1. Give me the percent relative contact order of chain B, please, defined on Cα pairs under 8 angstrom at least 6 residues apart.
2. Taking only complete DSSP H runs, can you tell me which helices of chain B stretch 15 Å or more along their own long axis by Cα positions and average at least 1.0 on the Kyte-Doolittle scale?
3. Compute the helix-to-body angle for A:16-34: its Cα long axis versus the longest principal axis of chain A, expressed 0 to 90° and rounded to tens.
4. Farthest toward the dipole's positive end in the protein assembly as shown, which of B:171, B:96, A:26, given Cβ charges of +1 (Lys, Arg) and -1 (Asp, Glu) about the Cα centre?
5. Gap in Å between the Cα centre of region B:169-193 and the Cα centre of region A:106-127?
6. Compute the distance in nm between two label points, each set 7 Å from the Cα along the Cα-to-Cβ direction, one at residue A:169 and one at residue A:101.
7. Based on the alpha-carbon gyration tensor of chain B and its eigenvalue square roots a ≥ b ≥ c, which shape applies: rounded if a/c is under 1.5, prolate if not and a/b is larger than b/c, or oblate?
8. What is the local net charge at residue A:62, summed over the other residues whose Cβ is closer than 13 Å to its Cβ (Lys, Arg +1; Asp, Glu -1)?
Amino acid sequence: MSHHNYITHDTKYMNPYIAGILLGVVLLAAFYLTGRGLGASGAMKSVVVAAVDGVAPGHAQSSHFYSKYLGEDSPLNSWLVFQVLGVLVGGLLSGALAGRLQWKVEHSPKITPRRRIVMAVIGGALFGFGSQLGRGCTSGAALSGMATLSLAGFVTMMAIFGTAYALAYFFRKNWI
Amino acid sequence: MGPLIPLNEISNEINFLIAFLIGLGFGFALEQAGFSSSRKLAGMFYGYDTTVLKVFFTAAITAMLGLLFLNYFELMDMSIVYVNEYYSWSAIVGGVIMGAGFIIGGFCPGTSVSAAAIGKIDAWWFLGGSLLGILLFGETFPLWETLYMADYLGPIKLSTSLGISDGLLALFVIAAAVMMFWLGEMAEKRFGRPDISKEL
């Protein structure tokens, strides 16, 4: 961690309120340009739909779920897929400027890297599953949904954070 | 007049370029905020780091106020701005499952991409897990279809369902956020973990 931080100079991360305004401006720009907010899980769904369609096109066509997202074009030719590719590059750029590029498994000293990875896969699977049932994740449903004052946005946000708080005690060893 | 893309003829290529540039800003902001660290994100639930609360609500309020003003000054046709469709059961059950995923996995989909970008190997596994979870949902969709479609109320706003104006709701949200920011700052003093924070 001896790299120089070109952005903040002294502290490692941007002030959270400033970062929030920056994120809010990006979100507002997305609305002004496209009429929709930001997203993440939608792009992952496109990857899954494209993969299922590639491996078993008949199965994808007959499914009430996958078939909704199949058209003339590949599901990968979607706005959110390109937006998430941007997230990857934007994150890389920020990490490079801040001196944070490093391959590592981040975990509490109380657990092994292996356990952290198992938990990441389980947590990811739950999040992926829940994002489809809930029609969007923290980005598309909660954050973008709240910006338009949608009821769905507020309810999803409270369900996500409320549950995470309710379960925090049981998973404390993984974090603190 | 916004939104620009739906109101103008824009080629697919330009549209995707805009998507990429918006994503660039999104990923940059997430990483700068520290959302590329799962232990920083999880700090929200133990009080030692409430960055998530501050960034999330500041961002939501910034965009919310921006949209209200764009509408007020008639710079944006709000009738074609997407308002999330509300199916009450799937929003709640989906949110609960996502909340469990958050505390177990330490990321959400967007933050996992920004973390994967700077080399967090656990974030790459979280991403893989997300794809598996989506596949599992797709494969078992007939089991959930009834729940998924139940209790549809349309693209309804919270302000409408409370019977108050958008502006008044925005004021309440801002007041609630300011109180939560204050609680967050207090929590960081009370539950601070310098041993964790200095590693992040």
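The values are calculated or read from the model by the stated rules, or taken from the named source; none is laboratory data. The shown structure was predicted, so the numbers you read here are calculated from the model rather than taken from an experiment. Heads up, the Cβs are rebuilt from the backbone with ideal geometry, glycines too, and the neighbour counts pull from every protein chain shown. Just the protein is used for accessible areas: all its heavy atoms, side chains included, with ligands, DNA and RNA removed. Shrake-Rupley method; radii C 1.70, N 1.55, O 1.52, S 1.80 Å.
1. Computed over chain B, the figure is 34 percent.
2. What comes out of the filter, once short or polar helices are dropped, is B:12-33, B:51-72, B:88-105, B:121-139, B:166-190.
3. Tilt of helix A:16-34: around 20 degrees.
4. Of the options given, the answer is B:96.
5. Distance between centres, Cα-based: 29 Å.
6. Result for the modelled spin labels: 4.5 nm.
7. Rounded, since a/c falls under 1.5.
8. -1
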